Amino acid sequence: MNEHKPYTHITASVDEGTTRLGVSFYTSEMGVLAYSSERNRPYLGFHTSEANVTISTTGAGPVTDEDVTLAREIHNAAGHYLAECERLHAAQRDNHEQTGESNA
C-alpha cells in the first residue's frame, strides 16, 4: 500500500528582480483560523509546523470592496474544495468496499 505522508512545499524564485514565494500544503495536519484584530481587520491564517500563511486587508488598512470580493472568492473556493473532498472520499470508500480493501 502506498502511504502518503503529509508535507509542506515552499519555493522561492527571483525573476527580473521580483521575488515570488510559493507555499503548498499537502497535509490535513494544519490549523486554520479566522479572526479580527483590535484594529478591526479580519485575518485568515493557515498554519503547519513548517509554514504560516496569513491573509488580511489591502495594505493592512480598512476593509475595501476588493477585500470583500477576495473573501467571497476564498469562501467559494473553499466550498468547492470541500465538495470535491467529499465526492472523492465517498468514491474511494465505495471502491474499497467493493474490493474489500481497508480504508485506513
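Read-outs throughout are calculated quantities, based only on the coordinates presented, and are distinct from any laboratory measurement. The model shown is predicted, which means the values in this text are computed figures rather than measured ones. Neighbour counts are summed over all protein chains in view; Cβ atoms, including those assigned to glycine, are modelled from backbone coordinates with ideal geometry.
Summary of computed values
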| quantity | calculated |
| --- | --- |
| Set 61, 79: member being of a type outside the set (A, V, I, L, M), surrounded by 10 or more Cβ atoms within 10 Å (Cβ to Cβ) and under 14 Å from the mean Cα position of the chain (by Cα) | 79 |
| Yes/no for residue 56 being of a type in the set (Ser, Thr, Tyr), farther than 27 Å from residue 4 by Cβ and either surrounded by 12 or more Cβ atoms within 10 Å (Cβ to Cβ) or under 18 Å from the mean Cα position of the chain (by Cα) (or both) | yes |
| Output for region 1-22, where each listed residue is hydrophobic (A, V, I, L, M, F, W, C) and in contact with an Asp or Glu (Cβ under 9 Å, 6 or more places away or on another chain) | 1, 10 |
| Residue tally, condition assigned to a helix (DSSP H, G or I) and either among the β-branched types (Val, Ile, Thr) or under 21 Å from residue 39 (Cα atoms) (or both), over region 61-76 | 8 |
| Unique match (being under 19 Å from residue 4 (Cβ atoms), touching a strand residue (DSSP E or B) at 6+ places or on another chain (Cβ under 7 Å) and either of a type outside the set (Phe, Trp, Tyr) or surrounded by 11 or more Cβ atoms within 10 Å (Cβ to Cβ) (or both)) among 27, 19, 99 | 27 |
| Qualifying residues in region 11-52 (those that are hydrophobic (A, V, I, L, M, F, W, C) and in a loop (DSSP other than H, G, I, E, B)) - the one nearest to residue 74 (Cα to Cα) | 30 |
